[in-house]
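The values are calculated or read from the model by the stated rules, or taken from the named source; none is laboratory data. What you see is a predicted model, and the numbers here were worked out from it, not measured in a lab. With ideal geometry, Cβ positions are generated from the backbone for all residues, glycine too; neighbour counts draw on all protein chains shown.
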């Protein structure tokens with residue numbers, strides 16, 4: 001599998017919490033980078049700003065020591081101390097200024113480390129109840145804040161990550177259509193998507209279709225790889241563990257549109273060790289990609305669009321599995 005490289009969101013290698021319990025021990029940036037580097041299949045790491053960049057010379061040394069590439073600077077704009085009532089869309093101009101400032105700082109850090117990608121998931125921007133926000137005002141603030149951040153420097157791309165729920169019942173940037181709306185309204189070429197596959201399932205999308213829409217508008221900047229049950233919850237499961245065929249279609253689509261960026265693991269290590277989970281995530285994607293190649297990329301392209309395509313593919317897959325695992329003849 002030569003088209004894509006795998007990286008991991010280092011946050012998942014440290015302490016994680018949900019409403020009920022904690023997962024993984026608290027780890028320093030040194031410990032997290034070492035753990036990512038020791039995970040088979042990974043060549044890159046996504047680090048969070050500002051948390052992981054308190055000591056930038058240390059980060060630079062760690063990346064060099066462990067021969068890891070920095071895939072993206074993930075800017076955190078959901079800290080409840082400052083963004084309890086919104087960040088990019090907040091009515092309070094001080095909150096908006098702080099969010100924009102953090103994104104601009106993250107862009108400067110990315111350029112300092114020789115990369116051109118900042119990612120952020122604006123989860124503070126949303127609401128729970130009717131009449132809780134002025135929708136037209138919130139959207140105007142959100143779009144203007146994104147424009148202010150992205151215009152800071154044209155040599156670094158700002159990848160926005162959409163998600164329909166959590167921590168609010170409704171997040172402003174909830175689906176691929178709203179993300180493309182923001183890109184259109186902002187009007188800057190360096191604004192696009194961190195396309196989280198699990199979030200696409202949360203939004204009840206077909207990820208292959210969403211990826212095609214983003215790529216058609218040159219907005220597919222980055223991919224977070226995971227899976228979800230599709231019931232609206234963001235479970236960050238191992239890629240292909242639920243939506244095997246949708247994932248195969250997505251990989252074929254990514255190949256077809258010429259995506260050559262990172263496949264960034266974004267998997268919640270609840271039932272397994274982080275290193276084992278992320279190694280499995282990469283292997284699962286490789287296994288699904290091997291099926292694309294086994295079907296034949298040209299043959300798959302010919303079949304795609306015909307009503308019976310999935311039946312043909314499933315029959316071919318079933319035959320291959322039976323041949324591989326059939327008991328020896330007596």
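Scanning segment 233-262 for residues that are touching a residue at least 60 places away in the same chain (Cβ under 8 Å), farther than 17 Å from residue 317 by Cα and surrounded by fewer than 18 Cβ atoms within 10 Å (Cβ to Cβ) yields a count of 2. Farther than 20 Å from residue 44 by Cβ, touching a residue at least 60 places away in the same chain (Cβ under 8 Å) and surrounded by fewer than 19 Cβ atoms within 10 Å (Cβ to Cβ): is that true of residue 187 in this structure? So residue 187 does not fit the description; no. In contact with a helix residue (DSSP H, G or I) (Cβ under 8 Å, 6 or more places away or on another chain), at pLDDT 95 or above and closer than 21 Å to residue 53 by Cβ - does that describe any residue in segment 129-146? Within segment 129-146 (the criterion being in contact with a helix residue (DSSP H, G or I) (Cβ under 8 Å, 6 or more places away or on another chain), at pLDDT 95 or above and closer than 21 Å to residue 53 by Cβ), the answer is no, since none of the residues qualifies. Evaluation of residue 174 against the conditions (1) closer than 30 Å to residue 247 by Cβ; (2) free of Cβ contacts under 8 Å to residues at least 60 places away in the same chain; (3) not in a loop (DSSP other than H, G, I, E, B) shows that the sole unmet condition is (3).
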